[in-house]
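Trainee: Quick one: this structure, given as structure tokens, is what I'll be asking you about.
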């Protein structure tokens, strides 16, 4: 399927936004969508682009495609690379995605994992800051 600018919907070509913005995108067979969205060479500025493209494809024929949602979500979208605030404000509000228990589990696990990771980083920074103040090792305190 050619894109308007002459590119083709093939592995490693164009950006996610270019591909998902074509009128042909929502008609892609699931296997082809999987190959495109899971490709490490897909040009994206954030993993949210991949998530939004997947949602667009699923939503076009939600009734028939929701059975594929868990596998596609798990294999195509690297939820762990979506910032926690976007997981909560942009992913979690997609109610129809949570109608599938496997999708709900994947998203909740990503939120939990990213939140735990963020807390560990914050704790580590707090400990380092406290050590710097007490040990006079802080470059700010001399």
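Trainee: Within the stretch 91-116, can you find the residues that are surrounded by 15 or more Cβ atoms within 10 Å (Cβ to Cβ), in contact (Cβ under 8 Å) with a residue 12 or more places away in the chain and in a helix (DSSP H, G or I)?
Mentor: 91, 97, 103, 106, 107, 110, 111, 114
Trainee: Give the residue that is modelled with the lowest pLDDT, with candidates limited to residues of the stretch 1-25 that are part of a helix (DSSP H, G or I) and either out of contact with any helix residue (DSSP H, G or I) (no Cβ under 7 Å at 6 or more places or on another chain) or crowded, with 16+ Cβ neighbours inside 10 Å (or both).
Mentor: 18
Trainee: Consider residue 79 carefully, then state whether it is surrounded by 19 or more Cβ atoms within 10 Å (Cβ to Cβ), under 20 Å from residue 95 (Cβ atoms) and either touching a strand residue (DSSP E or B) at 6+ places or on another chain (Cβ under 8 Å) or at pLDDT 95 or above (or both).
Mentor: no
Trainee: Only residues that are closer than 20 Å to residue 31 by Cα and outside any helix (DSSP H, G or I): list them for the stretch 57-90, please.
Mentor: Hits for the stretch 57-90 are 61, 77, 78.
The values are calculated or read from the model by the stated rules, or taken from the named source; none is laboratory data. For clarity, every value in this text was computed on a predicted model and none was experimentally measured. Here the Cβ is made from the backbone with ideal geometry for all residues, glycine too, and neighbour counts use every protein chain on show.
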